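Student: This is the structure I want to talk about, given as C-alpha cells.
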Amino acid sequence: MEEMNIYLSNKLKEYRVKNQMKQEIVAQEIGISQQAYSQLEQGKLNFTPKIVKKIINFFSITIAEFFSEKQNIHIFNSPQGYMNNGTFNDNEVVRELIKSKDELISMYKNLLTDKDLQLQNLEKKLYELKKK
C-alpha cells in the first residue's frame, strides 16, 4: 500500500507542477488544508477515494490517467502464502490492496453514474431548446 501511496503522491505533484500551481491553490480546490496537501505529496497521508475523485475532477483527468504508468504488481496465492514479485507479503497488505481496488471500482462506478446523469440532463435541455 505504501508503494501505491508514494506513486500517487508523485503523480499528484507532477500534475500540480505541470499546471504551474501552488500547493495552497490545489489544496483549497480539493477541500483540504495546505498542510494535509503537503502530506499527500510527501506520501505521509493516504489517498482516499474521495480525495482521488476531487483530484481527478480538479485536474480534469480520468482515473486511468491518474493511475497510468504504474508498475504492475503481480500478487498470487502460492502454497506458502501470498507473494508479490517473488517476495512474501503479509496477508493484511493483500487485504488492503483488494479493499483499495474495490473502493476505486466503486468510485469509478459513481463517476460513471454522475456522468450519465449529467448527460441525461444535457439531453433534456437540448430537447427543450429544440422545441422552442
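Student: Restricting attention to segment 8-16, does a residue exist that is at pLDDT below 60, outside any strand (DSSP E or B), on the phi < 0 side of the Ramachandran plot and out of contact with any Leu (no Cβ under 6 Å at 6 or more places or on another chain)? Don't jump to the end; show me each part of the working.
Tutor: Looking only at segment 8-16, we keep the residues that are at pLDDT below 60, and these are none.
Among the residues of segment 8-16, not one is at pLDDT below 60, outside any strand (DSSP E or B), on the phi < 0 side of the Ramachandran plot and out of contact with any Leu (no Cβ under 6 Å at 6 or more places or on another chain), which makes the answer no.
Student: (1) of a type outside the set (A, V, I, L, M); (2) farther than 25 Å from N110 by Cα; (3) modelled with pLDDT of 90 or more; (4) assigned to a helix (DSSP H, G or I): which one isn't true of Y37, the others all being true?
Tutor: Looking at each condition in turn, Y37 falls short on (2).
Student: Of everything in segment 20-51, what is touching a helix residue (DSSP H, G or I) at 6+ places or on another chain (Cβ under 8 Å) and among the hydrophobic types (A, V, I, L, M, F, W, C)? Give them in sequence order.
Tutor: Result: V26, A27, I30, I32, A36, L40, L45, F47, I51.
Student: Of all residues in segment 56-71 being modelled with pLDDT under 80 and part of a loop (DSSP other than H, G, I, E, B), which is surrounded by the most Cβ atoms within 10 Å (Cβ to Cβ)?
Tutor: Applying the filter and picking the extreme gives K70.
Student: Select from segment 103-132 the residues that are aromatic (F, W, Y) and surrounded by 10 or more Cβ atoms within 10 Å (Cβ to Cβ) and list them in ascending order.
Tutor: The answer is Y108, and nothing else.
The values are calculated or read from the model by the stated rules, or taken from the named source; none is laboratory data. Note that the structure is predicted; figures quoted are calculated from it, not measured. A quick note on method: Cβ atoms are made from the backbone with ideal geometry, for glycine too, and the neighbour counts reach across all protein chains shown.
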